[in-house]
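S.K.: What follows is a structure written as structure tokens; I'll ask about it next.
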Amino acid sequence: MPVINISQKPSRVRFRILAFLFINVVINYMDRTNISVAATAISNELKLSTFQLGLVFSAFGWTYVASQVPGGIMTDRLKPRVLYTFTLILWSLVTLCQGFIKGFAALLGLRLAIGVFEAPSYPVNNRIVTSWFPVHERASAIAVYTSGQFIGLAFLTPLLVLIQQFSGWRGLFIITGLTGVLWGIIWYNVYREPADHPEVNQAELGLNTNDNPVKHSSPALTRDDFKQVFMRRQLWGIYIGQFAVTSTLWFFLTWFPTYLVKYRGMDFLKTGLLTPIPFMAAFAGVLLAGFCSDRLIKKGYSFGVARKTPVIAGLLLSITIIGANYVSSTPLIICFMSIAFFGNGLASITWVFVSALAPQNLIGLTGGVFNFTGGLSSVVVPLVIGLLAGGGDFQPALVFIGMLAFLGALSYIFLVGKVKSIK
């Protein structure tokens with residue numbers, strides 16, 4: 001245990017680290033969504049069928065989901081400085097290579113590769129926050145870096161469209177890929193673990209001393225390790241809950257613009273102006289959840305009350321997406337969508353439960369399983385929505401999303417129950 005100098009105040013280095021994590025998430029989502037911006041131009045030049053384009057869209061999800069558990073194991077084995085640099089630069093190089101493809105097979109293969117290399121990113125994010133932030137600050141920290149995905153989706157899309165307009169779709173991939181490579185080099189040169197950072201004082205090291213610090217796992221995982229991660233009721237509660245949370249997110253990532261244009265009759269210009277509104281609502285929701293949850297902790301409320309309240313409330317709010325089925329005016333449609341996505345933002349601090357409930361030598365593995373179940377929604381939800389809306393009626397699809405959110409709330413209420421760390 002480090003000797004804490006009580007005359008010192010903790011340094012603010014951890015907040016700088018959090019800013020770097022935020023940028024990592026923005027770049028992460030930039031390289032997930034640039035394909036949607038370039039899709040029409042790629043399809044025209046390479047003469048892709050609708051089915052082939054659908055395969056390209058879903059390819060990321062296949063390998064991203066399949067790589068979650070291996071990515072979590074790597075997170076337990078390798079230092080974040082090395083692992084994040086390695087994966088960030090690799091997925092950025094693959095993004096860059098998309099600017100030189102000549103056919104469908106190459107494009108499909110590169111999208112599969114991006115899913116593999118991005119898989120460890122969120123388990124690493126969680127490990128870094130667990131290392132740098134005490135428990136009473138973690139929800140806020142998770143909210144800040146998670147908000148990067150909503151900010152990225154709200155504001156990056158117009159920027160990516162502008163880049164493509166001036167440099168073409170190939171230039172779009174090259175520029176976004178180079179951006180990630182350069183940022184990966186910066187990350188390697190800047191990031192250090194708390195104990196290795198030259199600007200961290202003893203007071204800051206002491207913030208986490210009695211707060212379940214990250215422990216390194218044994219060289220080989222045992223059967224008991226997997227039992228702990230897969231057989232605990234509370235962990236299954238957060239796994240199911242994460243599937244529900246990310247299901248709403250993937251509706252907005254995939255079908256939301258099509259819903260507005262094809263099923264609600266809005267033109268593309270109006271859609272472009274309106275789609276950022278729900279994302280900004282989600283951004284506000286995740287920040288509100290994080291800071292309010294930490295404030296409740298500081299006021300002496302139990303961990304369960306402080307952490308579960310915004311998640312359950314957010315999942316219940318997400319059910320309001322069904323209300324869009326019963327209105328016809330554009331403002332009311334966007335209102336229901338924004339309330340639902342605001343709720344999704346409130347519920348998006350769920351990574352805080354991984355740090356709280358995971359065995360401390362298995363945070364990476366637990367995070368991998370947690371992100372695996374969440375990532376399944378990227379494969380399941382777009383396909384199910386397509387089937388439900390295949391007859392030209394989108395109402396069953398919105399009911400499906402709302403019911404998944406309700407299932408997630410029930411999971412946190414009854415399966416997670418009282419929150420107590422698993423040692």
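Throughout, read-outs are computed from the coordinates displayed, never taken from laboratory work. Note that the structure is a prediction, hence the values are computed from the model and not measured. All Cβ positions, even for glycine, are placed from backbone atoms using ideal geometry, and neighbour counts span all protein chains on display.
S.K.: Sum up the charges of everything whose Cβ sits under 13 Å from the Cβ of GLN164, counting Lys and Arg as +1 and Asp and Glu as -1, but leave GLN164 out.
M.R.: Value of the local net charge: 0.
S.K.: If the only charges are +1 at each Lys and Arg Cβ and -1 at each Asp and Glu Cβ, what is the size of the charge dipole of the chain around the Cα centre, to the nearest 20 debye?
M.R.: 620
S.K.: Once every DSSP H run of n ≥ 4 in the chain is given -39500 (n - 2.57) and the sum is divided by its residues, what mean residue ellipticity at 222 nm do you get, rounded to the nearest 500 deg cm²/dmol?
M.R.: Only helices count here, giving -24000 deg cm²/dmol.
S.K.: Still on this structure, I have one more. Here is the link list: LYS47/LYS79; LYS79/LYS227; LYS262/LYS308; LYS79/LYS299; LYS227/LYS298. Which ones come out longer than 32 Å on Cα distance?
M.R.: LYS47/LYS79; LYS262/LYS308; LYS79/LYS299; LYS227/LYS298
S.K.: Determine the distance separating the Cα centre of the range 220-259 from the Cα centre of the range 33-67; give it in Å without decimals.
M.R.: For the range 220-259 versus the range 33-67, the Cα centre distance is 24 Å.
S.K.: Starting from the Cα gyration tensor of the chain, multiply each eigenvalue by 5, take the square root, and state the resulting semi-axes largest first in whole Å.
M.R.: Ellipsoid semi-axes (Å, largest first): 34, 26, 20.
S.K.: Rule-of-thumb check for the range 127-177: C-alpha Rg over 2.2 N^0.38 Å?
M.R.: It is 1.66.
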